[in-house]
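J.: Here you go, one structure.
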Amino acid sequence: DQQVKQNSPSLSVQEGRISILNCDYTNSMFDYFLWYKKYPAEGPTFLISISSIKDKNEDGRFTVFLNKSAKHLSLHIVPSQPGDSAVYFCAASNNNDMRFGAGTRLTVKP
Amino acid sequence: NAGVMQNPRHLVRRRGQEARLRCSPMKGHSHVYWYRQLPEEGLKFMVYLQKENIIDESGMPKERFSAEFPKEGPSILRIQQVVRGDSAAYFCASSQKQGFQPQHFGDGTRLSIL
């Protein structure tokens, strides 16, 4: 069951431009959403999160947007840097469950 | 380094053998989660444990797989009679608070079945 979907397996962006990673979910019971970043041969690292009571959360170059009616969230990275190249997983959770998307591989070209 | 520690990093087993994967949570964390990542797929939740208790094992296969988190020592994910389909990266995460809040992940154990 694919309760969390990241429909773009990969994304390539020029350094300095904006990266937009998208995520859709189906379960309206999810109330907390997270983005993780993963480098090869390492575990995922927590990046940023958002509660369902908000529609935006910003942390430096990273902003997460939540559209509850559309059950959609996105991660914006601006400006993108080569070091941002990694696989990004979105996750949706409530107290009883957490589901991850399949990931989007972001490549930032110098 | 007080991060989540998993060992071994790589484990090779032949079909039918047992695999034991270990996870030491971050200091002060009493909640442990195990995930499996198959090639080209996302992280699939397997089990959530607190000290000496399994809280949620809804993602765990019913047979051959078991997990524990004893009062003393690391959490163990045990796979008996491994098959080729068990080949995957297994990640452990820990958190301080109850529930699926931001978790800190280990670097995973890559299990290969010959």
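J.: Average partner chain C-beta neighbours within 10 Å, per residue of A:30-36?
T.: 2
J.: Then there's this: Note down the relative contact order for chain A as a percent, whole number, built from C-alpha pairs under 8 angstrom at least six residues apart.
T.: Relative contact order of chain A: 37 percent.
J.: What's the center-to-center distance, using Cα atoms, between segment B:78-114 and segment A:50-89 in Å?
T.: If we compute the Cα centre of each part, the gap is 26 Å.
J.: Of A:K37/B:K27; B:K71/B:K97; A:K37/B:K62; A:K5/B:K51; A:K37/A:K109; A:K37/B:K71, which pairs sit farther than 26 Å apart, going by alpha carbon to alpha carbon?
T.: A:K37/B:K62; A:K5/B:K51; A:K37/B:K71
J.: State whether chain A is rounded, prolate or oblate according to the following rule on the C-alpha gyration tensor (a ≥ b ≥ c being the square roots of its eigenvalues): a/c under 1.5 gives rounded; otherwise a/b larger than b/c gives prolate, and the remaining case gives oblate.
T.: Since a/c reaches 1.5 and a/b is larger than b/c, the shape of chain A is classed as prolate.
J.: Mean-square fluctuation check for chain A, GNM, Cα pairs under 10 Å: which of A:G60, A:G16, A:G43 is largest?
T.: Result: A:G60 has the largest fluctuation of those listed.
J.: Along segment A:93-110, what does the Karplus equation 6.51 cos²θ - 1.76 cosθ + 1.60 (θ = phi - 60°) give for ³J(HN,Hα), rounded to whole Hz, x for Gly and Pro?
T.: 8, 9, 5, 10, 7, 9, 10, 10, x, 7, x, 10, 8, 9, 10, 9, 8, x
J.: All other residues with a Cβ under 10 Å from the Cβ of B:L114 taken together, and with Lys, Arg as +1 and Asp, Glu as -1, what is their net charge?
T.: Around B:L114, the charge tally is +4.
J.: Using alpha carbons only, how many angstrom separate the centre of segment A:1-43 from the centre of segment B:5-45?
T.: The two parts, judged by their Cα centres, are 22 Å apart.
J.: Provide a whole-number value for the mean count of partner chain Cβ atoms within 10 Å of the Cβ atoms in peptide B:84-94.
T.: Whole-number average of other-chain Cβ neighbours for B:84-94 is 1.
J.: Oh, and also: Students often forget the sequence filter, so: which lysines lie under 18 Å Cα-Cα from A:K54 once same-chain residues fewer than 8 apart are removed?
T.: A:K68, A:K71
J.: Assign unit charges at the C-beta atoms only (+1 for Lys and Arg, -1 for Asp and Glu), then state the dipole size of segment A:4-109 relative to its Cα centre in Debye, rounded to the nearest 20.
T.: Value, rounded to 20: 200 debye.
J.: Here's something else I'd like to know. Give the average, rounded to an integer, of partner chain Cβ atoms located within 10 angstrom of each Cβ in A:98-107.
T.: 4
Taken together, the values in this text are just the output of simple stated rules run on the coordinates, not laboratory data. Values in this document were obtained by computation on a predicted structure and should not be read as measured data. As a convention, Cβ positions derive from the backbone with ideal geometry for all residues, glycine included, and neighbour counts pool all protein chains shown.
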